[in-house]
Amino acid sequence: MIKQVLRDLLYDPLNSFLKGSLDRDWLEIEIPKQVDHGHFATPISFRLASLLKKPPSHIANDMADFLNSKDVIKSCCVCHAMNGFINMTLTDEYLYQYVRSMGMRRPSFDRVSASILVEYVSANPTGPLHIGHGRWAVLGDVICRLLAFTGQSFSSEFYVNDAGNQIQLFYDSVAAVKDNKPIAENGYQGDYIYDLATSSEDPVGRVIQQQKDVLASMGVCLDNWFSEKSLYQDACIDEVLALLDKQSFLEHNEGATWFKTTLFGDDKDRVLIKSDGSYTYFLVDIAYHYTKIQRGYSQLVTILGADHHGYVKRLEACVKALTSGKSPVELNIIIGQLVNLFRDGDPVRMSKRSGDMIALSDVIDEIGSDAVRFFLIQNSADTHIDFDLELAKKQSSENPVFYIQYAHARMHSLLTKLDYNEENQEDYEFTDAETQLLHTCSLFYDVVWDATRLYMPYKLAQYAYQLARSFHLFYEACPMKTASDADRQRRLALVFSTKRVLADVLELLGVTAPDRM
RNA sequence: GCGCCCGUAGCUCAGUUGGAUAGAGCAACGGACUUCUAAUCCGUGGGUCGGGAGUUCGACUCUCUCCGGGCGCGCCA
């Protein structure tokens, strides 16, 4: 990672400047918003101001002078102090060699956690997935791709709610249609119920298969599909009750058994065994989380829709109680805000119970997996998405997916048509547009790492756009066909490196990187 | 009533341990195609960061309060 490289480069000189009192964490590397402030900058003088009792600008000036006097810095970087910041401009050759080295090997990323389980989608198998499920799916999938890319130990899982009241209601609804009886008031009413009723196959099994197929059609494959029903067959529900009881987390009241979740910050205590003796969903879910912990995961990542955020405190209480007195397990819940579908500005209804809903599969059929994935991943999970189907279909500059893919197609075209020879590179005098492209490329691993450790995959989508933009700009400013041999080979080398980065980015996003469009 | 999320340019959004003159894209307007793919690029205009108060060298960022929008608050799943 380039920031790490710079931090390592600056640490020793600055530490000697400060006579050995430099804390590594203070040496923060930023990317200036304005290009004339250099490629990178550090605001370290602000941190040191109170310690040294000098104004930041003085400290920055002294440090920049000191750094520029050091041969090891001077060979790769020019430092200049401005407004208290130390701005750094890397030499073209250093930047180029760094970007080139990125293609040779990946850096060794830190561990996020010893072993991670990512649970996502986990929709009820009582009907088709909708666009919101699509969002959790892409979120989870890109997170998993990032975890794999950065060498983490992890697994992904879909929790199948194939037991309980809703399932019974679903079976009843299908059975009613088969018997030519009306579906109950609170039953499932969609057209798909009538389709399912024409088959002798188990409707739940068919819905699960359909969900798998839809996810696969958008490039989402989970490692494990965990059945809720299987929990009833194991002894783990009893084990969980015994475990909670032993630690006095349970309470019997009004004929029911309660879990004192208020001990762990919940608003009120929750029922686990109803007065009629049946189990609540929550109890079974605790058993599910018990198995996660038993399976040895040290971090549990769970993606929930915003319509379930009221459940967060309960889950946190559950994990805290189950690990009480043991080594802690980190629970990391990501809330994805809801998605509203629009067509030409008009909202499209998505009620599960009514017949007129648009399923995720319909959206994928209409606009394609690439566009669906990109539109669902490009914003922070915290923002509500208004997803306009007509916009996503447009093949124009309004549509970022095409902008990015077109960049890749252009790169491929250049490299095949202009006969790039990797050995011919010897010129390191880059123009502004070339340097700017190199700089953007150099940030790739840093973006990957931020997106991974913060569980913010949208940062990667934004980087994809930024990289495509840098490239299109370079493309306009730097002709290759008509350039001198030296210019052409230097630029093609840059195209070659950029293409590799962009292909990696698109692979991480699960969006195709077309060679021609 | 309580809890979580959001409010930044006409629109969609970045801005994450508080730091430079608040940034992009789209849309609008004006330009560039005998070309390596114009699905592109260049230029212009556009802001009381929802309102107010506080914390300090410094606040879009932290605290409080109010306003507006979304979603939750079952012995449902």
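Data table
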{"read-out": "Residue in the range A:276-285 that is within 24 Å of A:ASP141 (Cβ to Cβ) and either surrounded by fewer than 18 Cβ atoms within 10 Å (Cβ to Cβ) or within 10 Å of RNA strand B (Cβ to nearest atom) (or both) present", "value": "yes"}
{"read-out": "Search result, residues across the range A:235-248 that are in contact (Cβ under 8 Å) with a residue 40 or more places away in the chain and open to solvent by 40 Å² or more (accessible area, probe 1.4 Å)", "value": "A:GLU239, A:GLN247"}
{"read-out": "Residue among A:GLN189, A:GLN211 that is in contact with a helix residue (DSSP H, G or I) (Cβ under 9 Å, 6 or more places away or on another chain), of a type outside the set (Asp, Glu) and modelled with pLDDT of 90 or more", "value": "A:GLN211"}
{"read-out": "Subset tally (residues that are at pLDDT 90 or above and among the polar types (S, T, N, Q)) for the range A:175-186", "value": "1"}
{"read-out": "Cβ-Cβ under 6 Å pairs, at least 6 apart or on other chains, the range A:383-408 side under 22 Å from A:ASN340 (Cα atoms), far side surrounded by 16 or more Cβ atoms within 10 Å (Cβ to Cβ) and small (Gly, Ala, Ser)", "value": "A:ALA392/A:ALA371; A:VAL401/A:ALA371"}
{"read-out": "Strands (runs of 3 or more DSSP E) wholly inside the range A:16-103 that include at least 1 residues being open to solvent by 10 Å² or more (accessible area, probe 1.4 Å), more than 13 Å from RNA strand B (Cβ to nearest atom) and aliphatic (A, V, I, L, M)", "value": "A:77-82"}
{"read-out": "From the options A:VAL214, A:VAL207, A:VAL174, residue that is surrounded by 14 or more Cβ atoms within 10 Å (Cβ to Cβ) and farther than 30 Å from A:LEU509 by Cβ", "value": "A:VAL174"}
{"read-out": "Subset tally (residues that are near RNA strand B (Cβ under 8 Å from one of its atoms), outside any loop (DSSP other than H, G, I, E, B) and not aromatic (Phe, Trp, Tyr)) for the range A:455-471", "value": "5"}
{"read-out": "Residues satisfying the stated conditions in the range A:111-169, i.e. in a loop (DSSP other than H, G, I, E, B), charged (D, E, K, R) and either assigned by TED's automatic domain parsing to the domain that holds A:LEU341 or at pLDDT 95 or above (or both)", "value": "A:ASP162"}
{"read-out": "Cross-chain or 6+ apart pairs with Cβ under 8 Å, the range A:298-325 first and away from RNA strand B (no atom under 12 Å from the Cβ), then open to solvent by 50 Å² or more (accessible area, probe 1.4 Å) and part of a helix (DSSP H, G or I)", "value": "A:ALA317/A:LEU263; A:ALA321/A:LEU263"}
{"read-out": "Answer from A:PHE474, A:PHE496 - the residue that is touching an Asp or Glu at 6+ places or on another chain (Cβ under 8 Å), within 13 Å of RNA strand B (Cβ to nearest atom), among the aromatic types (Phe, Trp, Tyr) and touching a residue at least 40 places away in the same chain (Cβ under 8 Å)", "value": "A:PHE474"}
{"read-out": "Among the candidates A:ALA513, A:ALA503, residue that is within 14 Å of RNA strand B (Cβ to nearest atom) and either surrounded by 14 or more Cβ atoms within 10 Å (Cβ to Cβ) or closer than 21 Å to A:LEU147 by Cβ (or both)", "value": "A:ALA513"}
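For (1) of a type in the set (S, T, N, Q); (2) over 24 Å from A:CYS144 (Cα atoms), each residue gets a yes or a no:
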residue: A:PHE158; (1), (2): no, no
residue: A:GLN166; (1), (2): yes, yes
residue: A:LEU169; (1), (2): no, yes
residue: A:ASP172; (1), (2): no, yes
residue: A:ALA184; (1), (2): no, yes
residue: A:ASP191; (1), (2): no, yes
residue: A:VAL204; (1), (2): no, yes
residue: A:GLN209; (1), (2): yes, no
residue: A:ALA216; (1), (2): no, no
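The values are calculated or read from the model by the stated rules, or taken from the named source; none is laboratory data. Keep in mind that what you see is a predicted model, and the values were worked out from it rather than measured. Glycine gets a Cβ as well: all are built from the backbone with ideal geometry, and neighbour counts include every protein chain shown. Heads up: the accessible areas ignore ligands, DNA and RNA and are worked out on the full protein's heavy atoms, side chains in. Shrake-Rupley method; radii C 1.70, N 1.55, O 1.52, S 1.80 Å.
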